[in-house]
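The block underneath contains the structure these notes are about, expressed in structure tokens.
The values are calculated or read from the model by the stated rules, or taken from the named source; none is laboratory data. On a predicted model such as this, the values are computed, not experimentally measured, just so you know. Cβ coordinates were reconstructed from backbone atoms using ideal geometry, including for glycine residues, and neighbour counts include every protein chain displayed.
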Amino acid sequence: MLRLHANEHPQGPSAGVADALHALVPELHRYPVPSSALETAIAELYDVPLNRVLVGAGSAEIISLAWRAFTTPARAAFFHEPEFELYSILGDQCGTPALTRPWAPTEDLAKHLAGTSVGLVALSNPHNPTGATRPRQTIADLAGGLPDTTVVLNDEAYHDYADVDEDEPSLGALSELPNVLTTRTFSKIHGLAGLRIGYAVGNAGLIGALRSLQTPFSVSTAACTAALASLADPALAQERRALNRRNREALADALARRGFDVTPSQANFLFVRPPYGRPSWATDLLDRGVRVQPVGADLRVTVGTATEVATLIAAVDDVLAAAQTAHVGEQ
């Protein structure tokens with residue numbers, strides 16, 4: 001089964017990560033050590049004080065802590081529709097009401113949210129599932145137009161794949177603001193999804209609120225060790241970003257030539273509307289050994305290797321041929 005539904009990076013961790021994990025095996029009977037070494041490395045990477053960084057079991061753990069810290073049954077969370085599936089799950093788990101709005105790349109969210117009781121504004125950036133990105137300055141402007149007690153979650157799980165404007169605010173600059181929390185992950189371009197390791201960079205007050213809710217030992221020694229080894233090889237992330245861009249463009253072009261409406265993406269996936277309004281596309285592809293993520297009548301398709309892209313396109317061609325045959329038969 002070809003996995004093009006979960007936005008995993010198609011390549012595993014670097015050789016340096018494998019070596020670091022192998023060296024760790026004799027110590028796996030010990031409880032995890034504090035994640036301070038990784039938090040220090042992240043603080044140095046973004047030139048922020050150590051008290052503005054928190055490491056978690058994937059960015060999902062940190063996002064879940066944010067729901068617990070900044071929302072209540074009387075203080076809603078805002079997010080778009082469609083949006084990262086975790087947000088609605090957390091709302092159900094925490095008993096938090098959700099304010100939603102159809103996704104739009106440009107909008108005056110501060111004006112829309114004026115007068116509402118919102119504790120958290122969750123924005124995946126690049127947006128999941130469309131792959132569109134908001135400039136960090138837009139995030140900063142939004143935060144400035146909201147009360148300091150309304151936290152803007154700038155969820156940058158896919159930021160490593162994006163083409164970044166050199167003039168955009170840094171994570172350090174965003175962390176100066178009292179109500180912006182940025183989350184990042186090692187699950188994507190670093191290829192560590194199975195180890196569950198991510199982090200947040202934000203104002204010290206926000207980080208302190210999350211840390212007070214975090215369960216001890218939630219982050220494994222193996223995950224921290226792998227993340228540190230991955231950070232030590234920044235050239236690999238640059239190579240993977242360039243390769244993802246090439247494969248993403250090839251996939252977008254191939255699907256567009258087959259009648260798909262393709263949304264421009266800055267992530268490692270594409271959001272596409274299939275031709276013919278055929279409602280069973282995800283099932284049809286699954287029957288041919290390719291799993292993609294349905295989003296209503298649309299599809300979110302992970303960008304794989306060149307070989308995986310070719311396999312997907314072959315499956316798409318087979319579905320199109322079957323649909324054409326069925327159409328001729330109906331006539």
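A residue that is touching a residue at least 40 places away in the same chain (Cβ under 8 Å) and farther than 18 Å from A173 by Cα cannot be found anywhere in the stretch 42-53. Could you list, in sequence order, the residues of the stretch 151-166 that are in contact with a Pro (Cβ under 9 Å, 6 or more places away or on another chain) and either outside the structural domain of N128 (by TED's automatic domain parsing) or in a loop (DSSP other than H, G, I, E, B) (or both)? If the condition is that a residue be in contact with a Pro (Cβ under 9 Å, 6 or more places away or on another chain) and either outside the structural domain of N128 (by TED's automatic domain parsing) or in a loop (DSSP other than H, G, I, E, B) (or both), then E156, A157, Y158, A162, D165 are the ones that fit.
Suppose we keep only residues that are closer than 23 Å to V262 by Cβ and surrounded by 22 or more Cβ atoms within 10 Å (Cβ to Cβ) within the stretch 127-154. Which one would you say is modelled with the lowest pLDDT? Working first, answer last.
Pass one, the stretch 127-154, residues closer than 23 Å to V262 by Cβ: 127-135.
Narrowing the set further to residues that are surrounded by 22 or more Cβ atoms within 10 Å (Cβ to Cβ) leaves 127-131, 133.
Numbers: H127: 97, N128: 98, P129: 97, T130: 97, G131: 97, T133: 94.
Among those residues, the one meeting the criterion is T133.
Scanning the stretch 154-191 for residues that are small (G, A, S) and without any contact (Cβ under 8 Å) to a residue 60 or more places away in the chain yields one hit, A173. If we keep just the residues of the stretch 209-243 that are basic (K, R) and under 21 Å from the mean Cα position of the chain (by Cα), which is nearest to S265 (Cα to Cα)? Per the criteria, the residue is R241.
Taking the stretch 1-87 and the strands (runs of 3 or more DSSP E) fully enclosed by it, the elements with 2 or more residues that are not hydrophobic (A, V, I, L, M, F, W, C) are at 76-81.
Pairs are defined by a Cβ separation below 8 Å, a sequence spacing of at least 6 or placement on different chains, a first member in the stretch 98-119 that is polar (S, T, N, Q), and a second member that is loosely packed, with under 14 Cβ neighbours inside 10 Å and outside any loop (DSSP other than H, G, I, E, B); the pairs so defined are T100/E81.
Which residue, of R291, R240, is closer than 21 Å to A162 by Cα and either surrounded by 17 or more Cβ atoms within 10 Å (Cβ to Cβ) or not assigned by TED's automatic domain parsing to the domain that holds T133 (or both)? The match here is R240.
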